[in-house]
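A.B. asks: Let me begin by handing over the structure; questions about it come next.
What follows is calculated from the coordinates using simple rules that are stated; it is not laboratory data. Treat the numbers as computed from the prediction; the structure is a model and nothing was measured. Here the Cβ is made from the backbone with ideal geometry for all residues, glycine too, and neighbour counts use every protein chain on show.
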Amino acid sequence: MTARAKKTSYHIIRILVCAGALWLVAQGVTWHDRVTLTGDRGVLVGEVQRDGAVVTVIDREGQTHSLALSEVAQDEDGVRLVTLGLKSTWHAGNKWFLLLAVALHFPVIFPQALRFRWLLSAQGIQVGYRECLRLSFAGNFLNFVAPLGSNAGDVFKAYYVSLHTEHRTEAVTTVALDRIIGLSSLVMVVALITTMSPDTSRLAVLRPYMLAVLAALICGAVVYLSPMLRRYLIPWKLLRRLPAFNHIERVDQAARKLASHVGLVTAAVLMTVALQGLAMLAYFCVAIGVGLSVELGHALECFAYFYTGVVIQAVPITPQGLGTLELAYRYFFASFGTPSQIVCMAMAIRGVAFICSLPGLLVTVSGSCKPSELKAFEASIEETDPPRSVPSDKVSLHATSANAATLELMSPTDSTASEVRTV
């Protein structure tokens with residue numbers, strides 16, 4: 001199978017998974033409210049208003065039906081079968097809690113940029129805080145508009161941060177290590193919460209998987225960082241035969257160099273856990289805002305569900321976990337609300353994160369994430385671009401200067417880079 005055929009097959013699988021997950025999510029989700037009547041009287045569809053023991057339904061033809069609770073059917077748990085649709089769920093939601101969620105989530109980006117700068121400094125790469133903040137904003141924004149899902153922002157950050165330094169391999173590796181620290185922190189927190197949860201909780205289903213992933217991460221870290229185990233368990237002879245071994249070796253050196261900064265890595269992990277907790281608090285406010293029956297006593301359980309959702313979003317199967325995230329929420333939050341409420345919550349969480357990433361749109365459009373030297377060079381090219389009336393000898397002089405400047409800016413200076421010969 002050719003590379004193009006593999007890529008096409010991968011996209012087809014992504015589309016099928018996304019479509020299948022969305023179809024499963026749509027089961028039980030309606031636009032209008034639905035009230036199931038007792039006996040064989042059917043279902044009333046319209047707008048539901050509940051006042052004490054009376055349920056009023058205004059159907060789609062404008063007729064009003066006043067029902068006693070005894071006329072409304074019940075499920076196995078004795079809950080009345082009154083299902084709110086997406087329209088009523090959104091209008092009945094508390095918009096102040098949604099605004100509070102935005103206010104809680106927005107500041108997360110600022111310590112996140114500081115953490116990224118710390119990791120770069122561990123590699124000897126000095127990038128200003130403003131540049132790290134711009135890259136973080138742009139990366140978060142691209143998570144929503146690019147088809148690669150939550151990995152698109154990492155690709156963007158890796159490319160542009162490599163323009164700020166001569167050590168491009170180490171810069172790209174730092175972006176990957178930043179993501180690894182984030183995901184590892186998520187797994188650790190979820191594993192801790194699921195271990196502490198009772199066996200009757202829905203979290204018990206996640207416990208063996210999270211503990212297995214956590215054990216794999218710990219074993220992998222021990223093998224990778226132990227000099228003796230590295231010597232015998234990592235196939236170095238096979239790796240040395242690869243044409244890109246020099247880059248692999250530099251990636252390895254960058255990872256171990258970061259691991260040697262124990263204090264910095266510990267601070268980065270603790271900061272990550274704190275930022276994730278703040279984001280989960282914002283998501284909890286969203287759950288309250290759309291009307292889910294959650295209380296402060298459910299916070300820890302809900303946080304575990306939200307953490308799991310973030311992990312699902314990071315898997316590059318569907319863009320931003322579209323469909324798969326809603327499907328997971330449908331399972332975990334089934335006891336807290338209706339399918340329409342859960343879907344509204346998932347969409348509102350996406351909306352909160354998207355609003356907080358909007359400054360990244362200005363960064364990507366303006367190109368302010370480029371290093372100052374490159375922006376200055378581009379500006380000089382525009383200023384020295386000769387008009388048509390300039391003699392040809394002067395045009396050649398301008399072109400020669402531009403080419404020389406380009407070679408000076410873009411020529412590799414890494415120890416493994418090839419030499420640039422000028423003829």
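A.B. asks: Based on the alpha-carbon gyration tensor of region 98-366 and its eigenvalue square roots a ≥ b ≥ c, which shape applies: rounded if a/c is under 1.5, prolate if not and a/b is larger than b/c, or oblate?
C.D. replies: Oblate shape, in that a/c is at least 1.5 and b/c is the bigger or equal ratio.
A.B. asks: Mind giving me the nanometre distance, one decimal, between the label points for T64 and A334, set 7 Å out from Cα along Cα→Cβ?
C.D. replies: Label-label distance for T64 and A334, simple model: 3.8 nm.
A.B. asks: If I take R0 = 51 Å and measure r between the Cβ atoms of V262 and L81 in this structure, what FRET efficiency does the formula 1/(1 + (r/R0)^6) give, to the nearest 0.05?
C.D. replies: FRET efficiency, V262 to L81: 0.35.
A.B. asks: Based on the Cβ-Cβ distance of V273 and T36, what FRET efficiency does E = 1/(1 + (r/R0)^6) give at R0 = 41 Å, to the nearest 0.05?
C.D. replies: For R0 = 41 Å, the calculated efficiency reads 0.40.
A.B. asks: Treat the count of other C-beta atoms within 10 Å as a stand-in for reagent exposure and order H247, H105 from fewest to most.
C.D. replies: H247, H105
A.B. asks: Right, here's the next one. Within 10 Å of each residue's Cβ, count the other Cβ atoms and sort E166, E131 from fewest upward.
C.D. replies: E166, E131
A.B. asks: Over 10 Å intervals from 0, what percent of Cα-Cα pairs in region 107-242 sits in each interval?
C.D. replies: Binned Cα distances yield the sequence 11, 29, 30, 25, 5, 0.
A.B. asks: Can you compute the FRET efficiency between N246 and I355 using 1/(1 + (r/R0)^6), with r the Cβ-Cβ distance and R0 = 51 Å? Round to the nearest 0.05.
C.D. replies: 0.75
A.B. asks: Moving on to the next point. How do T308, T266 rank when sorted from fewest to most other Cβ atoms within 10 Å of their own Cβ?
C.D. replies: Final ranking by Cβ density, sparse to dense: T266, T308.
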